[in-house]
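Presented below is the structure to which this report refers.
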Amino acid sequence: PPCPPVMKSILVFLFYVCGVLSIHNINNNDGHGVDAADVMIPAPGGLVHPSCVTQIDSDHFRIIEHADDDDSIVIITAEGYTIRIDTSSSLLCQDISRQKRNLKHGPAWKAWAQYTASDTVTSLEGRWDVPNDPAQNSGETVFFWNGVEPSDTGSVLQPVLQYGVSGAGGGAYWAIASWFVSPTHTVVSKLTKVKAGDSIYGVTTLTKNNTWVVTTSSTSGNRSIEYATPTSYPIAYEVLEAYNINKCNTQYPSAGVVTFTDIAVSVGGKVVPSPTWTAMTQQPITCNEHAKIVSPQEVQIYF
């Protein structure tokens, strides 16, 4: 049978039997995964180890945790492939997540707007335009995204626009992907290149059977994932997240602002007419990053 659409960011053993692909990370003898001294890579939500990232080369796929009452997750692609990932030896990923939770948010979150609901957010949508390229590509990674988190902020579902290299790949260009980042694993769709001026539409919706659908769209195409979980996600965000920024004038787009518009939030299945957003900034501020709440439906993030 043909090889299923899977890309791993580290070396893996692949066993294809009866239509099921089983993926196992290469571990040290102590069961702690790949050497913690290895370099971490950016993901929207925090730095992760490459062994914690699985990229699926498919326009749409479904993620099911603990499908067999064990530590594995199962991914079913639009092409009909079943992919099994063993997360039982993912202590390294869990350690990264604990560091992130101690900071409440990823340390590379620069500026964001936050809305905390009394019940689970059941839909978050919005639009933002792709800015111009930074004047200089010198190792920075820049993310603009909207998304939802549970109360412990340990995982995140998000449509993402990125510049630079991340766990999904990339380079000196803008691209979109849909992400699920959690304490034990990170799953991301393939990247789609976009260009300055393109309109990005990001929507995360809770459908029946406790299944989230995360879709990132542009005129160049769309990338969507499904994630089945009983966990409530009551916090919504509009975020600028950036890594390796040390030259404010050249590593950020010269426009100096990205505007999230047409923001719509539903909680418990009902539209919230005027969600109360709170502007927040990570300390220390490096390049005057800050968020401005223009209205319940519009947020500007400056840099």
What does the accessible area of H49 come to, in Å² to the nearest 10, when a probe of 1.4 Å is used?
-> 0 Å²
Going from the alpha-carbon gyration tensor of region 129-175, what semi-axes, largest first and in whole Å, does one get by taking the root of 5 times each eigenvalue?
-> 24, 12, 8
Which one of L240, W212, P275 is farthest out on the positive end of the charge dipole of region 193-303, using unit charges on Cβ (Lys, Arg +1; Asp, Glu -1) and the Cα centre as origin?
-> W212
Cross-link table K110/K190; K195/K292; K193/K247; K110/K208, entries beyond 30 Å C-alpha to C-alpha = K110/K208
Residue-normalised accessible area of region 145-299, expressed per residue, 1.4 Å probe, Å² | 37 Å²
Please report, in debye to the nearest 20, how large the charge dipole of region 172-303 is about its Cα centre when each Lys and Arg carries +1 at its beta carbon and each Asp and Glu carries -1 there.
-> 240 debye
Arranged from highest to lowest average of other beta-carbon atoms within 10 Å per residue, in what order do the peptides 227-233, 268-274 appear?
-> 227-233, 268-274
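The values are calculated or read from the model by the stated rules, or taken from the named source; none is laboratory data. Being a predicted model, the structure only gives us computed values, none of them experimental. Ideal geometry is used to build each Cβ from the backbone, glycine not excepted, and the neighbour counts take in all protein chains shown. The protein model used for the area step is the full one, side chains on, heavy atoms only, and it has no ligands, DNA or RNA in it. Shrake-Rupley method; radii C 1.70, N 1.55, O 1.52, S 1.80 Å.
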